[in-house]
Amino acid sequence: MIYTKRENLRRYLGMSSSLDTAIHHLLSTDLSQLHKGRNDIDGDQTFVNRFDYQTMPQEQAIWEGHAKYADMHVLLSGHEKIGVTNAAALKETARKPEEDFIGYEGDVQVWFHMTTEDILIVFPEDVHMVKVMDGESTLVEKACYKFKV
């Protein structure tokens, strides 16, 4: 996993071509112009999902993992906490291969506080719990880049 500030993102260029595509897109695009839903960048190799939600108490949030894609979380507004735990420390509860979704249950190992300046990149071993309140509930506008690994 990578947790960094937007200003340091170029440091991670060269790790994979699909991550490079996502980083270049993020750094060269006005994300407020993305339409809600899926926005293609490089077909199924790299795309970005744009959505909004209200943050919630941890008890209402769910774990999600992926087998084929890594995620790069970018907040356009609001703030939240994202919990991350290694997949080996959790119990798998659901699998939807057509959606690249794996559900889990278990405890959060690490919390990341997300603002519009923060970037969190999670790989398939990094199961994550998003939409969690960091203090009070707030509206989050988000772009989540998906890139094949």
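The values are calculated or read from the model by the stated rules, or taken from the named source; none is laboratory data. In this text the structure is predicted, and so the values were computed from the model without any measurement. When we count neighbours, we look across all protein chains shown, and the Cβ atoms used for this are built from the backbone with ideal geometry, even at glycine. Heads up: the accessible areas ignore ligands, DNA and RNA and are worked out on the full protein's heavy atoms, side chains in. Shrake-Rupley method; radii C 1.70, N 1.55, O 1.52, S 1.80 Å.
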**OP:** Go ahead and estimate [θ] at 222 nm for the chain from helices alone: -39,500 (n - 2.57) per DSSP H run with n ≥ 4, summed, over the residue count, rounded to 500.
**Re:** -2500 deg cm²/dmol
Original post:
Between Glu59 and Asp107, how many nm apart are label points set 7 Å from Cα along the C-beta direction?
Top reply: 1.9
Original post:
Hey, what do the phi angles of the range 86-97 turn into as Karplus ³J(HN,Hα) couplings, whole Hz, using 6.51/-1.76/1.60 and θ = phi - 60°, x for Gly and Pro?
Top reply: 5, 4, 5, 8, 10, 9, 5, 10, 7, 8, 10, x
Original post:
Can you pick out the pairs among Lys96/Lys131; Lys36/Lys91; Lys5/Lys146; Lys91/Lys131; Lys81/Lys148; Lys5/Lys91 whose Cα atoms lie more than 22 Å from each other?
Top reply: Lys36/Lys91; Lys81/Lys148; Lys5/Lys91
Original post:
According to a simple spin-label model (label point 7 Å from Cα along Cα-to-Cβ), what is the distance in nm between Asp30 and Arg6?
Top reply: 1.4
Original post:
Solvent-accessible area per residue for the chain at a 1.4 Å probe radius, Å²?
Top reply: 50
**OP:** Quick one: net charge around Ile82, please, counting Lys, Arg +1 and Asp, Glu -1 for every other residue with C-beta under 13 Å from its C-beta.
**Re:** -3
Original post:
Which one, (1) 8.2; (2) 10.9; (3) 13.0, gives mean projected area of the Cα convex hull in nm² as derived from the coordinates shown?
Top reply: (1)
